[in-house]
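Worksheet: the structure to be examined is printed underneath.
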Amino acid sequence: MNLLDILLIIPAAGFLLTLLLPKDNPALVRNFTLFVSLIAFVLSLGLIGPVQSNPGHMTFETNTQWIEYPSIRYHVGLDGLSLWLVILSTFLTPIVILVSWKYIQNRVKEFYAFLLALLFGVLGVFVALDLFLFFVFWEISLVPMYFLVGIWGHDKRIYAAVKFFLYTMAGSALMLIAIIYLYNKSGTFDMPLMLDMMQKGRLALNGTEGFWLFLAFFFAFAIKVPLFPLHTWLPDAHGEAPTAGSVMLASVLLKLGTYGLVRICLPLFGEAARQNAAWIIGLAITGIIYGALVAMVQPNMKRLVAYSSVSHLGFVVLGVFTFTQVGLDGAVYQMLNHGISTGALFILVGMLYERRHSLEIADYGGVGTSAPWLSTMFVITTLASVGLPLLNNFVGEFLVLQGAAQVNFLYAVFAAIGVILSSVYMLWMVQRTFYGETPSEVKHHVNDLSAREWAVLVPLIVMMVWMGIGSQSFLPAVSAQNAQILELMKKPAAKEVANAR
Amino acid sequence: MPVNFMPTPQELFRFAPEMLLTLVATIIMVLEPLSGADGKRKFAVISFLSLAAAIALSVAAAGDPGAAFSSMIVVDGFSTFFRILVMVAGVLTILISTNYLRMEEHESGEYYALVLFSIVGQCIMVSANELIMLFIGLECSSIASYVLAGFLRDDKRNNESALKYFLLGSFATAFLLYGVAWIYGTTGYTNLSEIRRVLLDPNSNQNMVVISAATALMFVGFAFKVSAAPFQMWAPDVYQGAPAPVTAFMSVGPKAAAFAMFLRVLMTAFEPVKDRWEPLLWTSALATMVIGNFAALRQTNIKRLLAYSSIAHAGYIMVALTAHSDIGTAAAMFYLASYTFMNIGAFAVVTYIARKGERHVEIQDLAGLSQRRPVVAAMLTIFLLSLTGIPLTAGFFGKFYIFKAALDANMVWLAVLGMLNSAVAAYYYLRLIVVMYMQAPSDEMEELPAPSVGIQAAMFAAAAATVFLGVFPSVVLDYAGKSASFIR
């Protein structure tokens, strides 16, 4: 049992132990789950060194049998692609626990238990190397989020929760069929083994098979991303979820989709991915612009941030389907950036809501005078989100645009429109919320940050700056693994020719 | 040809579980009038213990597999699996029944005797190797179930349920018997292995129209018993009207047994003519899934919703049958085992929620259950997630194996449509969870007393089995895989 296995066990054990805690002692529950999540975070930092020294290969691999027939294995491992996503998840969990400290006052025990269960599910998805195991974790991550939205959300929470669940279920149903089909074809669920068989020519998918299998996986992932026009569950789920739910949903759960695209769709179905890239990029760019335009007219802050996610995630998909090293690096980096900056935006919006009990932009104004620090944090995060140089999103967007330009300059032009629009809707919201006249409700209720809120925001701001100016701490590991994936995407035949020369 | 009708001790041993249960049930019938009004609980204990003993005997009999009574019945891995399954279903049913019957002031020995008789019938169904024997088992199981469905004889809905079940059930068994007669008329045999031999024989010169018609007639009977489309109409009314513990029993025991005989007949006797029944099954499987799932979407009564859900699940199992392979058979066996636990578990909770006179069986009666009875709500959530097919529950692996079998048999479209159906199903199972967890209990709600020991035991056992099969499916699946190939 290595560090990664322990990291998986901790949230699962934490979940079960939390259920055993007494119901009438919420303080104990909060402290306990915070403690568990911090342990998970500290342990996950121990993963960085070994993976970074060998990012193109699987580190911390465990491969033991779970079910004998059909052969399903507990096969997990970590490489440069999954490393930062794992750390993003463990980093955000203690933060969202702190965010919910005051906000969640009823059914406290269940709430925190579900947060730990969610961490277990998403960590599992990021490290699973067996397709079946991947699917199991994929579905597990769905259940706690459904409860988080449905129990602790806003007025339309039930509608949003059910919609979220059913959308994902519909996608994963097809994915399961595709996984079984691949198993019948190859005799294994093991991804590295499957790739190896493909490289050696022992597993070949003909054009039709490749197309439908790719589509089945792609559909499941595109719903989760969400790619335009499958995004309609997202504004509801984000808008109705409690702050912690919105943060985990935006920062981590959406990444499951883009991660799946990079981890599964590209290497396994390289040929089909290439053939379908044009319309997928078309949808991604449509999403970038559409998300930004719709965000602009939202009167509700949470829905605005939610639509901005549609736009940002369009960048990720665009980067992935350029199949260029820079594009892919940018896409993966953008996944992390979006996790930090959109997570921070949701947290800040949540803080405003806790004070004023409204998400309508029209109910605010002049917050800058009554809560200067809160406003400062909000503005920094906004600038990060719109891609100001020296802050994190700039790096990702730049790389993605560069990759897109390599493929077709027009892609980059249209995507860049999205960048411009993003500063329009974000800065306009900031202006209406934080500047201008201060209504009396705002003056009386919106006070400045508490110590707990400082503790929540500072790490996020630090990360925004660090990822903006020190991308070299993060990118090499990602690049190494992306290079491997692009290598795998080359046709085996083409490679044989290259080897023969 | 002179036949020695005296069974050997070995044959008697193979049939011992059925004999024991018949004996105990008869004794209960005799003792029933002799016991006072407050002495009925002992019958529950007696039948519980006799079922435990019968399970032990079945396990022992499995050590010496083979045919008995001139090949009328056969004890193999397959029949042992289903014998134990229906008996376990019986044990769980008794656990959830005792308190219910006392509450409804109908506690009597007859109830337990009928449950035992029904189980005897199901045991014969699953081990019959002969069409007449199969019919006897089916009737034995059905007649006991008809009576059970109307057990609270002063209750209007019970009477309706029993009458509907009886009339439509007899009609369907008549079709089955008619099919048996045709088969006997054309092949000259009722023994499954002999029929298979005749159908495989290229020189036997069978009239394929007659064989097909006979298969279709028998299909009517089987499809009725497993509530597969287009013969599923009875299920919602009967399930809704019958007493909740009886519904729990009917939705698993007789259904599992009916699927077992369906499987055995298809996979042995009629396997040679599979091209003829495969399209029939394909269509019926799809129709069953679609009707069950889409009708369940609009139900407000929990029992009725679970009735449609059980139709949908019959559809999934029909997919496994359509695959007509050993993998398909094993998948159906595994599914029936998981289904037994999750469905009885769900009905145990319904029995508990319903209270006296079953006044609380609307979905809204579950409102705020997570706050009123958190443990019960958590259990029902496990059963519902399993029925939905979420990983780490038995239902997920059940679906997985079934759709894997379908893909193995190159039925990609059936698998895709089936999986999409299970996504639809998520909606109505989620609705129950929504009400339990996301709606506050209303103030008028009566107090909900703690569940009885029997219901608690049944719930915990079923939940433990559901989760266990969801994490370690191999335990059951390996056995199913080994016993999926019939003695032909």
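Among B:G253, B:G169, B:G179, which is the only one that is over 30 Å from B:Y112 (Cα atoms), small (G, A, S) and touching a helix residue (DSSP H, G or I) at 6+ places or on another chain (Cβ under 8 Å)? Let's see the steps before the verdict.
Details: B:G253 fails: over 30 Å from B:Y112 (Cα atoms); B:G169 fails: over 30 Å from B:Y112 (Cα atoms).
B:G179 is the lone residue from the list that is over 30 Å from B:Y112 (Cα atoms), small (G, A, S) and touching a helix residue (DSSP H, G or I) at 6+ places or on another chain (Cβ under 8 Å).
Summed over region A:407-466, the residues that are on the phi > 0 side of the Ramachandran plot and surrounded by 21 or more Cβ atoms within 10 Å (Cβ to Cβ) give a count of 0. Sub-8 Å Cβ pairs linking a first residue in region A:47-69 that is within 14 Å of another protein chain (Cβ to nearest Cβ) and touching a residue at least 40 places away in the same chain (Cβ under 8 Å) to a second residue that is surrounded by 15 or more Cβ atoms within 10 Å (Cβ to Cβ) and not small (G, A, S), at least 6 apart or interchain, are A:W66/A:I72; A:W66/A:R73; A:W66/A:Y74; A:W66/A:L133, ordered by first then second residue. Candidates are the residues of region B:387-406 that are more than 8 Å from chain A (Cβ to nearest Cβ) and not in a helix (DSSP H, G or I); the one that is nearest to B:L286 (Cα to Cα) is B:G389.
Candidates are the residues of region B:439-456 that are buried (at least 21 other Cβ atoms within 10 Å of the Cβ) and assigned to a helix (DSSP H, G or I); the one that is nearest to the other protein chains (Cβ to nearest Cβ) is B:I455. Of the residues making up region A:224-237, just one is surrounded by fewer than 24 Cβ atoms within 10 Å (Cβ to Cβ) and aliphatic (A, V, I, L, M), namely A:L230.
Can you list the helices (runs of 4 or more DSSP H) found entirely within region A:80-177 that contain at least 1 residues being modelled with pLDDT under 85, over 19 Å from A:F60 (Cβ atoms) and more than 14 Å from chain B (Cβ to nearest Cβ)?
Details: elements: A:80-103, A:108-127, A:131-140, A:142-152.
Helices (runs of 4 or more DSSP H) meeting the threshold: A:80-103.
Candidates in region A:189-208 are the residues that are outside any helix (DSSP H, G or I) and at pLDDT 85 or above; of these, the one that is nearest to the other protein chains (Cβ to nearest Cβ) is A:F189.
Taken as a whole, region A:391-406 holds no residue that is touching a residue at least 24 places away in the same chain (Cβ under 8 Å), loosely packed, with under 15 Cβ neighbours inside 10 Å and either assigned to a helix (DSSP H, G or I) or out of contact with any strand residue (DSSP E or B) (no Cβ under 8 Å at 6 or more places or on another chain) (or both). Of everything in region A:1-30 that is surrounded by 14 or more Cβ atoms within 10 Å (Cβ to Cβ) and without any contact (Cβ under 8 Å) to a residue 40 or more places away in the chain, the residue that is farthest from A:A113 (Cα to Cα) is A:I6. In region B:187-203, the residues that are free of Cβ contacts under 8 Å to residues at least 12 places away in the same chain form Cβ pairs under 6 Å with partners that are surrounded by fewer than 18 Cβ atoms within 10 Å (Cβ to Cβ), at six or more places apart or across chains, as follows: B:V198/B:S204.
Residues are listed down the side, and each one gets a yes or a no for (1) among the small types (G, A, S); (2) more than 13 Å from chain A (Cβ to nearest Cβ); (3) within 22 Å of A:G187 (Cα to Cα); (4) touching a Phe, Trp or Tyr at 6+ places or on another chain (Cβ under 9 Å):
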site: B:S310; (1), (2), (3), (4): yes, yes, no, yes
site: B:S325; (1), (2), (3), (4): yes, no, yes, no
site: B:S338; (1), (2), (3), (4): yes, yes, no, yes
site: B:N343; (1), (2), (3), (4): no, yes, no, yes
site: B:E362; (1), (2), (3), (4): no, yes, no, no
site: B:D408; (1), (2), (3), (4): no, no, yes, no
site: B:M411; (1), (2), (3), (4): no, no, yes, yes
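A residue that is buried (at least 16 other Cβ atoms within 10 Å of the Cβ), touching a Leu at 6+ places or on another chain (Cβ under 8 Å) and within 30 Å of A:V349 (Cβ to Cβ) can be found somewhere in region A:206-221. Count of region A:407-439 residues, restricted to those that are closer than 21 Å to A:S370 by Cα, part of a loop (DSSP other than H, G, I, E, B) and not hydroxyl-bearing (S, T, Y), is 3. The condition of being within 30 Å of B:W282 (Cα to Cα), facing another protein chain (nearest Cβ under 10 Å) and of a type in the set (A, V, I, L, M) holds for only one of B:V416, B:V435, that being B:V416.
Within region A:1-28, track down each residue that is β-branched (V, I, T) and under 22 Å from the mean Cα position of the chain (by Cα).
First, the residues of region A:1-28 that are β-branched (V, I, T): A:6, A:9-10, A:18.
Scanning region A:1-28 gives A:I9, A:I10.
Screening B:A229, B:A214, B:A223 for residues that are modelled with pLDDT under 90, part of a helix (DSSP H, G or I) and under 21 Å from B:S170 (Cβ atoms) leaves exactly one candidate, B:A214.
Within region A:234-254, not a single residue is within 14 Å of another protein chain (Cβ to nearest Cβ) and within 26 Å of B:W413 (Cα to Cα).
Among the residues of region B:113-131, not a single one is closer than 21 Å to B:A348 by Cα and over 20 Å from the mean Cα position of the chain (by Cα). Going through (1) surrounded by 17 or more Cβ atoms within 10 Å (Cβ to Cβ); (2) part of a helix (DSSP H, G or I); (3) not hydroxyl-bearing (S, T, Y) one by one, B:F294 falls short only on (1). For A:F218, the conditions (1) more than 14 Å from chain B (Cβ to nearest Cβ); (2) over 15 Å from A:F135 (Cα atoms); (3) assigned to a helix (DSSP H, G or I) all hold with the exception of (2).
Entry remark, region B:457-488: residues being touching a residue at least 12 places away in the same chain (Cβ under 8 Å), within 14 Å of another protein chain (Cβ to nearest Cβ) and among the hydroxyl-bearing types (S, T, Y) number 1 in total. Taking the stated definitions as given, is B:L384 more than 13 Å from every other protein chain (Cβ to nearest Cβ), assigned to a helix (DSSP H, G or I) and within 19 Å of B:F460 (Cα to Cα)? Against the criterion (more than 13 Å from every other protein chain (Cβ to nearest Cβ), assigned to a helix (DSSP H, G or I) and within 19 Å of B:F460 (Cα to Cα)), B:L384 does not qualify. Taken together, the criteria exclude A:K185 from residues that are under 29 Å from A:L283 (Cβ atoms), touching a residue at least 40 places away in the same chain (Cβ under 8 Å) and more than 9 Å from every other protein chain (Cβ to nearest Cβ).
The values are calculated or read from the model by the stated rules, or taken from the named source; none is laboratory data. This structure is a prediction, so every number in the text was calculated from the model and none was measured. Cβ coordinates were reconstructed from backbone atoms using ideal geometry, including for glycine residues, and neighbour counts include every protein chain displayed.
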